[in-house]
Every structure is written in C-alpha cells, then in structure tokens.
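Contents: one structure, followed by commentary.
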Amino acid sequence: MPPLKPVLSNDPPCGIALVDLDGTLLAWDCQLLFRHFVIHREPWRALLLPVFWVLLPLFPLLRAHRMKRVFLSFLWRMQPATLAAHSRAFAATLMPAFYPELLGMLDERRRHGHLLILASASPEFYVTEIGRALGFHLALGTPVVTSPVCPFFPALQNHKGAAKVERLRKLLPDGYFAAGKLLHAHGYTDSRADLPMLALCQTATLVNPAPALATLGHASGWQIVRPARPWRSRLGFWCRMLALLTCMGSNPGGIQPPAPRPE
C-alpha cells in the first residue's frame with residue numbers, strides 16, 4: 001500500500017500532534033517485535049540472527065546507525081511484496097499492544113480536527129502500516145532500502161533525534177512554522193532522543209519517562225502519564241527481552257490478547 005501522504009492546506013491546522021512510537025504508544029521497541037513476528041513466519045531467517053549477536057559488543061564503535069543496519073540483516077533477500085505483507089499483518093497483530101490511554105488522547109485530538117503525525121525511528125515499511133491502522137494522517141519512520149539484491153546490511157537513513165525535525169520542516173508547509181516552533185503542536189514521547197522534536201512544540205506529554213526526563217518534564221510543565229507496562233518486575237522485563245532477542249516463545253511481548261476461557 002502507498003505511504004500516507006495527506007493533502008495539506010497552506011493554513012496551519014488548529015492542532016498538531018507529533019507522536020513517537022516505541023515506548024510511547026506501546027511498551028516495546030517495535031523492531032524487536034517485528035523481527036520476532038517475521039522469524040515465526042519464516043523460521044529459516046533465524047539462521048541470520050547470530051550476525052547481530054556477534055557484532056553487538058561493537059556497538060560503541062558501530063553506533064546506532066550501523067547497528068540498526070546489522071539488526072535488519074534478517075531481512076536479507078526478502079521480496080518487497082513479502083515485506084509489505086508482513087508489515088500489514090504485523091500492524092494488525094500489534095493493535096492490542098497500544099496503550100489505551102494514548103489512543104484515547106489521540107482520538108480526542110482527531111475529533112477536534114488536529115493533524116496527527118506519527119514520527120518514529122523504527123523502519124518506515126511498518127511504521128506506515130501502523131500509522132494507517134491507527135488513523136494517523138502522516139507516518140514517518142526510518143527509510144530502509146530493501147530488495148532481493150540488496151546488501152546483507154540494508155541501507156537506511158536513521159530517522160531519530162534532529163532527523164525527525166529536519167524531515168518535518170521539509171514535508172510541512174512553511175506556514176505551519178513561526179519563530180522556530182510548529183504552530184499549535186503537542187509532542188508525545190518517552191525518550192530524551194525526541195527533545196529536538198519537543199522543541200518544536202508548545203506543549204508535550206511524556207510517557208513513562210526515566211527520572212531525568214521526568215525532572216525536565218516537571219520543570220517545563222509537561223504532562224506525564226504512566227500507563228501499565230506488560231511486565232510486573234525488572235526480572236520479568238529482562239526475561240521477555242531475552243525471549244524477543246532470541247526470537248523464542250510465541251508471545252514474549254505480551255501483545256496478543258489472552259484466549260477466551262471455555263464456558
């Protein structure tokens with residue numbers, strides 16, 4: 001399906017919501033969830049996972065951009081149509097994982113005619129499908145070049161931090177900005193990496209922020225919400241994380257609703 005490309009009026013909308021994905025609309029990093037989803041659909045791709053584990057200790061040298069390319073090596077030689085089908089199915093499966101509190105906030109903004117923009121560092125091939133499923137007007141993620149003949153480590157442009165701001169400035173009409181701000185904008189995030197995006201906004205909502213970000217949020221007068229996460233303890237979190245990293249178990253992310261009990 002085509003990317004979300006709304007026809008934007010030159011006049012700024014009455015409100016704009018800039019929304020992060022991972023850790024903000026749901027508890028997990030969607031890259032882990034998507035890889036787990038794909039491996040369970042194409043089990044042979046598990047043979048590619050050791051490449052990431054072997055290179056993971058080199059993260060300080062490779063940095064986030066290169067490590068993201070390494071992580072996505074499990075997509076090697078995947079047909080574009082197959083990747084698109086996986087992305088659509090993944091977005092549909094993910095629906096129970098989203099925080100109801102955040103979806104309610106977005107529904108309220110949608111009813112008031114606000115422009116909803118999903119701005120994520122996750123790969124755009126599934127960010128677009130998630131944005132479409134959740135009713136966003138525009139969905140932006142990390143552009144990833146994949147094809148049956150692509151390199152083992154796919155090329156990408158990491159859509160994180162200041163890169164989100166640069167892309168928004170290119171895509172949105174000039175009339176949406178004034179004095180370095182995006183008019184009538186409210187940002188949603190869980191991460192300090194999104195401080196450049198929040199700098200565009202008049203107001204913000206922080207989702208389960210770490211202490212340092214929460215302190216900044218209190219000082220800035222931002223709203224802080226703490227929806228329940230799908231783990232009960234740090235041990236529970238790390239057990240689920242290990243299962244996701246190794247692609248073990250049927251539902252380590254806890255994103256599938258429980259089966260109904262027999263009557």
Relative contact order of the chain, please, whole-number percent, based on alpha carbon pairs below 8 angstrom and at least 6 residues apart. 26 percent
Note the full-extension length gain between residue 195 and residue 242 as 0.36 nm times their separation in residues minus their Cα-Cα distance, in nm to one decimal. 14.0 nm
Where nothing but the Cβ of Lys and Arg (+1) and of Asp and Glu (-1) is charged, how large is the charge dipole of the range 16-246 around its Cα centre, in debye to the nearest 20? 360 debye
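Within the chain, count lysine pairs with alpha carbon atoms under 15 angstrom apart where the residues are 8 or more positions apart or belong to different chains.
Working: 5/170; 68/160; 164/181; 170/181.
Total qualifying Lys-Lys pairs in the chain comes to 4.
Stretch residue 48-residue 203 to full length: gain in nm at 0.36 nm per residue minus the Cα-Cα span? Please report the intermediate quantities before stating the final value.
Numbers: separation 155, 0.36 × 155 = 55.80 nm, distance 4.30 nm.
Here the segment from residue 48 to residue 203 would lengthen by 51.5 nm.
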If I take the Cα coordinates of the chain and project them onto the principal axes, what are the three extents in Å, biggest first? 51, 48, 42
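Can you sort 36, 112 by how many other beta carbons sit within 10 Å, fewest first?
On the way: 36 24, 112 10.
Least to most surrounded, the residues fall as 112, 36.
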If you take every DSSP beta bridge whose two residues both sit in the chain, what share of them, in percent to the nearest 5, is antiparallel? 15 percent
Taking the reciprocal of mean 1/r across every pair of different Cα atoms in the range 157-254, the Kirkwood radius in Å is 15.7 Å
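None of the figures in this text is laboratory data; all of them are computed from the coordinates on show. Quick caveat: nothing in here was measured; it's all calculated off a predicted structure. Don't worry about glycine lacking a Cβ; one is built from the backbone with ideal geometry, like all the others, and counts go over all protein chains shown.
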